[in-house]
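Structure first, then comments.
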Amino acid sequence: MAVIQDLPPELLIRILELVPGADHWPDHQAMTRRTLAGASLVARDWRAPAQYLVGSTLQAVTNNDGWKRCLRAISDGRGSPPTTLERLLFVHGPDGAEQLAVLQRFHIHLRELHVFTGRLTITSAHYLLLQGLRRLKLSTPIEVHPSIEPSVPMILESLGLHASLLALPTFLLPLPAIVPRLTRLELNCTEQSFTSGLMTTLQAVAPQLTHLMVSLPFVDDLAFRRRCLTSLDSFLHTCTSVTSLRLLRPTPPEIKHVSSLLPKPLVLLSISLLVGHEGETRMPNEVAKLFDIPKLAQLRRWRMDMWVRGYGGGEGPLEGLGVRLSSPRD
């Protein structure tokens, strides 16, 4: 019987992706570490590429005590730094910026940075680290020291933005020159609508995007939802290469609205937490009719999670029943 380290790399990657709680909060990550240890996935006799894959999926949160101890040991020369950190979630704390500086000082490659809460000021102690990012998520504004002047393109492939941002940080500007590899954009308007200024800035890279994700409001107040969604209209018209779309918490009319504004027919559609009429326990007729519109006629794959809740003017949180549907080829 083959041992796990002899499995093909692509299968090992899939196993690590399926580990519960692998990419969320500190308590989930602790569970992930216990799961890996219990399954002997961190055995010392792991051979490459399995050994590298385990190290490259390391994730951390800036306020996690275990992660802080790890960084102190690295700084004091008592531990060997990992070559790669898959994801760092930046949350409120006095030493978060110093943690980023340690990563840069010891040449630790960071693949994804998610600035979730707290104030972060980017200085020269962080700039080279940012140059190596493949994914960047900004859920809160960050400050950039005036001495930082972008000079070379980044390798950034995915960018996530919250509507609370009034403008992009200066190290990303001008967008076409600094992020030529950007193909994925995630827009979060769960709490407010995007400003027209930010949407205008993003239009500069809209033609190079192939995947778009939009997170819609948690509440079912239709007027508020409409304001949030229509703040994206002018931008959606310029996304001439997007063929993959993911929507979180949409109503059926909102799915139609977004897909109709995109210039190109969709190949992949993913819907999470679909908002339907109260009492529905199966796919609403409105959703079935969506597949008749021209922009969805060429779908090759689709996924849909239903979260049933009445909509039509209420202000409460969305809640309900989960139903998972997908295309036969998914």
Residue order, fewest to most beta carbons within 10 Å, for 189, 70
70, 189
Could you let me know the centre-to-centre spacing of the range 209-250 and the range 105-136, using Cα atoms, in angstrom?
27 Å
Using a 7 Å offset from the Cα along the Cα-to-Cβ direction at both residue 293 and residue 222, what is the distance between the two label points in nm, to one decimal?
1.6 nm
Under 29 Å Cα-Cα from residue 289, which lysines qualify once same-chain neighbours fewer than 8 residues away are excluded?
256, 264
Amide H neighbours of residue 160 at under 5 Å, excluding residues fewer than 5 places away on the same chain, with H built from the backbone geometry, are 136, 137, 138, 186
Using Cβ contacts closer than 10 Å as the measure, can you line up 235, 106, 90 from fewest to most?
106, 235, 90
Counting other Cβ atoms within 10 Å, which trypsin sites (Lys or Arg not before Pro) in the range 70-131 have at most 16 and lie in a DSSP loop?
78, 119
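A short reminder: the numbers here are calculations on the coordinates, not readings from a lab. Model, not experiment: these values are computed from the prediction. Backbone-built Cβ (ideal geometry, glycine too); neighbour counts: all protein chains shown.
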